[in-house]
1. Expressed in nm², what is the orientationally averaged projection area of the convex hull enclosing the Cα positions of the protein assembly as shown?
2. Using a simple spin-label model with points 7 Å from Cα along the Cα→Cβ vector, what separation in nm is obtained for residue A:34 and residue B:120?
3. Across chain A, how many lysine pairs separated by 8 or more positions, or lying on different chains, have Cα atoms within less than 17 Å?
4. Any idea what angle helix A:133-144 forms with the longest principal axis of chain A, computed on alpha-carbon atoms, 0 to 90 degrees, nearest 10?
5. Pulled fully out, how much extra length does the chain show between residue A:1 and residue A:73, if you take 0.36 nm times their separation in residues and subtract their Cα-Cα distance?
6. With just the Cα atoms defining each centre, how far is segment A:87-107 from segment A:210-252? Give it in Å.
7. Starting from the alpha-carbon convex hull of chain A, give the projected area averaged over all orientations, in nm².
8. Most fluctuating residue of B:89, B:205, B:134 in a GNM of chain B with Cα springs under 10 Å: which is it?
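Just so it is clear, none of the values below were taken in a lab; they were calculated from the coordinates. Since the structure is predicted, the reported quantities are computational estimates derived from the model, not experimental observations. Reconstructed Cβ throughout: ideal geometry from the backbone, glycine too, with neighbour counts over all protein chains shown.
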Number of protein chains: 2
Amino acid sequence: MNIVCIGSGNVGWHLASHLAEADFTIRQIVSRTTDHARRLGQLVNAPFTTNMAEIVNNADIYLYAVPDDQLATIIAQNPVKTGIHCHTSGSLPKELFAGKVENYGIFYPLQTFSKQKQIDFQNIPILLEANNKSTLKALHKLAAHLSSQILETNFEQRQQLHLAAVFACNFSNSLFTIADKILKEVNLPFDLLLPLIRETVEKVSLLKPEAAQTGPAARNDINVIAHHLSLLEVNPRLQTLYRIMTEIIQAQ
Amino acid sequence: MNIVCIGSGNVGWHLASHLAEADFTIRQIVSRTTDHARRLGQLVNAPFTTNMAEIVNNADIYLYAVPDDQLATIIAQNPVKTGIHCHTSGSLPKELFAGKVENYGIFYPLQTFSKQKQIDFQNIPILLEANNKSTLKALHKLAAHLSSQILETNFEQRQQLHLAAVFACNFSNSLFTIADKILKEVNLPFDLLLPLIRETVEKVSLLKPEAAQTGPAARNDINVIAHHLSLLEVNPRLQTLYRIMTEIIQAQ
């Protein structure tokens with residue numbers, strides 16, 4: 001199978017490079033960002049274009065890893081109707097392709113990708129959907145070369161998984177940024193929190209997160225909660241966040 | 001050095017058992033919860049009492065690992081004035097002991113403790129404070145047998161570290177619980193998120209959390225954000241949380 005990769009952002013970058021490593025032929029990198037397209041093309045030994053009109057014919061798979069708000073436009077710009085067309089969005093239906101191409105689906109890797117950080121694909125869940133069996137089979141084959149965790153899901157499941165991922169990953173990371181800033185105020189390094197953060201994650205690998213909950217809110221330690229709210233008085237948004245998280249923990 | 005451990009909750013449990021493993025003599029477990037006190041006493045090979053009036057004399061260290069809102073009362077109940085008295089709270093000053101005993105301080109391990117989960121103390125930061133040099137030295141010696149990460153901090157730093165820990169650990173864990181519930185609605189297991197959660201943490205070991213931020217808020221993907229808010233319409237509190245976290249990420 002040979003693949004045209006459309007998009008050279010974080011997801012496109014990691015997918016193209018891991019597919020190339022898995023010995024798939026990357027036929028072309030398509031991206032409107034010339035610099036990213038060129039560099040990713042070099043990395044996966046493929047030509048690149050910034051022009052959707054120049055997209056190559058007869059690839060087996062057209063893999064769209066582009067921002068959600070650009071996906072419909074980019075699909076409409078692709079003159080090629082053959083092959084399997086799939087996108088990597090957690091929130092959009094496969095039906096964006098309906099009526100435009102014959103074989104289409106979803107290839108959604110559930111992970112947080114940053115270009116600066118290498119990643120092991122082996123345990124990353126890849127969620128698949130397709131509009132027919134042969135397409136599903138082909139996407140399965142593609143996924144199986146990257147990961148051992150392949151799931152056929154429906155749209156509702158994928159949306160909820162994406163939403164859950166935003167809470168579990170994006171929002172957690174933002175909490176780490178908040179913690180970093182709180183420590184900076186007293187000249188302490190963020191690294192001090194790493195053993196705590198690692199243990200928090202280790203615990204939810206063994207216990208249900210509900211059972212792993214600790215801290216002032218879980219203990220209903222009113223004095224500590226009031227004290228923390230007073231420390232946050234200088235930052236009303238963080239104070240509101242603290243209050244809501246405390247309420248949520250107490251209701252959980 | 002021999003130690004009287006006051007409190008048999010999560011923190012007291014792990015401290016007493018690791019101190020015993022590090023070959024310190026636990027002279028006595030003091031806890032108002034008979035069952036916990038008995039079991040912890042058995043574990044560390046020490047007698048127990050539920051009565052502060054029966055606390056043993058002449059221990060080197062009296063270690064208070066009790067809820068913040070009970071600490072002042074329990075200190076007042078301790079008839080013993082000799083030895084070093086220290087507490088494990090992240091939020092309360094060492095001066096709770098002032099005027100009551102001669103040598104006192106803080107022994108605060110920065111970690112999330114659950115009785116169901118064993119823990120490696122070696123990398124856990126232990127924060128120390130003391131009212132004089134000899135007490136600080138003794139607490140240092142105690143800490144050095146448990147961990148290689150010992151810090152002398154002041155009250156302001158300890159408070160901020162505790163506040164940061166609540167964001168980074170307690171609130172993150174609550175986000176994991178939210179994610180778990182979101183997945184349950186579509187019959188998907190929480191474990192699917194573990195590779196994502198692990199990678200989120202691995203990333204902040206290498207990059208600053210600010211640089212590691214991904215997701216719809218960081219990309220300002222308005223459609224996805226609106227879509228997620230609509231999925232959360234059934235749960236106004238989570239919707240508010242989503243909105244605030246999105247604002248915070250966009251301001252970070």
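1. Dividing the Cα hull surface by four gives the mean projection, 24.4 nm².
2. Between residue A:34 and residue B:120, the simple spin-label model gives 5.0 nm.
3. For chain A, the number of qualifying lysine pairs is 5.
4. Rounded to the nearest ten degrees, it is 60.
5. Roughly 23.3 nm would be gained on extension.
6. Result: 42 Å between the Cα centres.
7. Dividing the Cα hull surface by four gives the mean projection, 15.9 nm².
8. Among B:89, B:205, B:134, the largest GNM mean-square fluctuation belongs to B:205.
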